[in-house]
1. Restricting the first residue to the range D:85-111 and requiring it to be on the phi > 0 side of the Ramachandran plot, which pairs with a second residue that is of a type in the set (Asp, Glu) meet a Cβ separation below 7 Å and a spacing of at least six or different chains?
2. Could you please find all residues in the range B:1-17 being under 9 Å from the mean Cα position of the chain (by Cα) and more than 14 Å from chain A (Cβ to nearest Cβ)?
3. Given the structure, is residue A:65 away from chain D (no Cβ under 14 Å) and more than 15 Å from the chain's Cα centre (by Cα)?
4. So, of the residues in the range B:95-112 that are at the interface with chain C (Cβ under 8 Å from one of its Cβ atoms) and touching a strand residue (DSSP E or B) at 6+ places or on another chain (Cβ under 8 Å), which turns out to be surrounded by the most Cβ atoms within 10 Å (Cβ to Cβ)?
5. Is one or more of the residues making up the range D:39-51 of a type in the set (S, T, N, Q) and closer than 17 Å to residue D:93 by Cα?
6. Between D:37, D:23, which is surrounded by fewer than 24 Cβ atoms within 10 Å (Cβ to Cβ), touching a helix residue (DSSP H, G or I) at 6+ places or on another chain (Cβ under 7 Å) and assigned to a loop (DSSP other than H, G, I, E, B)?
7. Only one residue in B:3, B:69, B:65 is among the hydroxyl-bearing types (Ser, Thr, Tyr) and under 27 Å from residue C:107 (Cα atoms). Which one?
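The values are calculated or read from the model by the stated rules, or taken from the named source; none is laboratory data. Note that the structure is predicted; figures quoted are calculated from it, not measured. Here the Cβ positions follow ideal geometry from the backbone for every residue, glycine too, while neighbour counts run over all protein chains shown.
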Number of protein chains: 4
Amino acid sequence: MISVCGPNEASERELDAAFNVGRLIAEAGHAVVCGGRGGVMEAVAAGAKSAHGVTIGILPGYDPSEANSSIDYPVPTGLGHARNAIVAASGRAVIAIGGGFGTLSEIGLALKMGKRVVHIGSWDLEPERLARFEGDGAVYISAKSPEEAVRLALDGPT
Amino acid sequence: MISVCGPNEASERELDAAFNVGRLIAEAGHAVVCGGRGGVMEAVAAGAKSAHGVTIGILPGYDPSEANSSIDYPVPTGLGHARNAIVAASGRAVIAIGGGFGTLSEIGLALKMGKRVVHIGSWDLEPERLARFEGDGAVYISAKSPEEAVRLALDGPT
Amino acid sequence: MISVCGPNEASERELDAAFNVGRLIAEAGHAVVCGGRGGVMEAVAAGAKSAHGVTIGILPGYDPSEANSSIDYPVPTGLGHARNAIVAASGRAVIAIGGGFGTLSEIGLALKMGKRVVHIGSWDLEPERLARFEGDGAVYISAKSPEEAVRLALDGPT
Amino acid sequence: MISVCGPNEASERELDAAFNVGRLIAEAGHAVVCGGRGGVMEAVAAGAKSAHGVTIGILPGYDPSEANSSIDYPVPTGLGHARNAIVAASGRAVIAIGGGFGTLSEIGLALKMGKRVVHIGSWDLEPERLARFEGDGAVYISAKSPEEAVRLALDGPT
C-alpha cells in the first residue's frame, strides 16, 4: 500500500497530479491509502479506481459516509487530526501532493516513522536540517511528475 | 464492512465459529474488519478468504507484517490498545467471538458508538444494566451459531 | 495517579460515591485522572478538589472548556471514544463507579493493560471468564464503599 | 497550559533555551505540556520545576516511568507517534525549540488545529505557503529568545 496525502482544497494542477498518481499506483498493482475526504484525497482515489485499483480512506470522524465516492474501504477512526498518524503509518511510502498544515504533519510523521516521502509541489523543507535527520529509511524527495513520484515511492525498500 | 473481534488465544470451537463467520460475511458480499492478528482474528480472515472476501486488519503496532497471512489490507496504526476503538468503529455491526478483556473493551466501545453487537460465546452482560443503556442502535445480542450471528449482524440498519 | 471512570448521567448515590472516592484519593496524596466531563467525572473531581487534590481530565474533543470546573489540567485529545484507552492507561489502578458502555470499555481496556480495577456498583462480570483472564496485575474487584474502593486501589503494586 | 516540543537529542543551546522557556512559562503562572521524555522535553520540564511550575508529559508508551524526572503528571498514552497530536492539542499555544521530524509533525498538527506556534530555531517554513494557510488563529512565528517566545505565545487569544 502507498499513502497519498494532500489537502481538501487543491488547485486543478494538484488534482490532476493526484489523479495520475492514483492511476499509476493502481497500475503498479498497489492499493492507495489516503485521508478519504475531498480534494487531493478524492482525486487520487478516483485515479486509482480508473485503473481498477483498491482505495482505503482513513477518516477523522465516525461516519463512513464522509468518505468520497471512490473509497472502497472507509475506516472511520473518530481520532480527529490524530488520524494523520495512521495515514502516514499505513503506506510503505508516502506521496504528498500540494498541501497545507495537515499535509505538513503527515510528512513529519511519516519521516519520523522512517518512511520515504516523495512530494509533488508540497512543502520545501530546509536542506541542511533535512540532511541532519534523514536516514534509516527516512528521506524527503521532490518529484517533477506523477510518473517520477510513483517510481521514486516504489523504488524504496519493500 | 462488518467488524469481528475475539482473542489471540482461542479454543477450537471459537476458531471454527470464527472461520464460518468470516466465510458467511464474505458470501454476503461484505468485507471483514478485525484486529489483524492471531486466534479468532486469523480464523475469521481465513474464512473470509475461503469465500473470496476482502479482509482488513487494524494492527496495534507499526509493522504490517504483524498481520496474519489472510489479511489483504493491514492498517498498522501504532496506537496500541486504542486501536480497539477503530476496530469497533469500522464495522456497521460488530460480531464478538469468545474473548477476554480486549474483546470486552471492543464490545463496550461498539455499544457506546451505538452499534449492534452480536456475540457467540462472549461475555454475558447483566440484562438489567444492558437494558438501561441499550437504544439508538446499541444492542447486545447472543447468537447460537455463525449463521445466526451473521444474519443478526446484517439485519440491523445499514 | 488513580483513574476514575463512570458515566455522564449518574444517580445521586453514584455521584455521592464518586465525590468521596475523589476526596479519599486526594487525601492519600494522589492525583485523580478521569474523562473530564459531567456526572461521575465531575463528582470525583469535585471531591478531589475538596481535599486540595489535583485533577486531570482526558477529554474526547479539542475544546478544553468542555472540562468540568473541577479539572485542573484538561487534556483535550480530540480522539473521541479512543480517549477511553488513555483514561485507562493513566492510572496505576482504575476505580469504576456505576456506568454504562463507556465505563465497560474502560474496564476492559484497563484489565487488558494489566491494571487492577475496583468497582462500586459497576458491571458484574462473569466470575469464571474473569478468572480465566485475570493475572499479571489484572484483577476486577467489587468494593462496597468509597473507603474500601480507594484502599483496594492503592493496595496494588505501585 | 502551553505546549513545548523539541527533540530527544538537542544541542546545548537548545537545551538552554528550553530550560528558560519552561522557567518563564511557570513564572507566568502556566503549566507546561510536553512529550515527557529527554532532550528539550526534559530541559523545559526542569526549567518549569525550577520556578515551581507544573509539568505534564504526554508519553508515547504505557510506562509512566519513561517520563523524565521533572514531569509531575505523566500521561502514558500508548499511542506511539499519534501522541504528538495530543501534545499539539493540549496547549493554548505551542513553542517549538529546535527539532527534527517529530517536532515538524507537532508544528503541522498545531497549525492545522488553529494554534499559534512560536519557534526558536526550529524549521523554517516557506513564507508564501505559510501565508496561504495561516489564519483562524494559526500562525507560525520565529522568536529570537526564550523571553520573546513566551511573550509571543502568551500574547495570543486565551
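1. Qualifying pairs under 7 Å: D:98/D:14.
2. Selection gives B:4, B:5, B:6.
3. Here the answer is yes, as residue A:65 does meet what is asked.
4. B:106
5. no
6. D:37
7. After ruling out the rest, the residue left standing is B:3.
Each row is one residue, and each column tells you yes or no for (1) touching a residue at least 40 places away in the same chain (Cβ under 8 Å); (2) under 19 Å from residue A:100 (Cα atoms); (3) within 10 Å of another protein chain (Cβ to nearest Cβ); (4) among the hydroxyl-bearing types (Ser, Thr, Tyr).
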{"residue": "A:114", "(1), (2), (3), (4)": "no, no, yes, no"}
{"residue": "A:119", "(1), (2), (3), (4)": "no, yes, no, no"}
{"residue": "A:126", "(1), (2), (3), (4)": "no, yes, yes, no"}
{"residue": "A:131", "(1), (2), (3), (4)": "no, no, no, no"}
{"residue": "A:135", "(1), (2), (3), (4)": "no, no, no, no"}
{"residue": "A:156", "(1), (2), (3), (4)": "yes, no, no, no"}
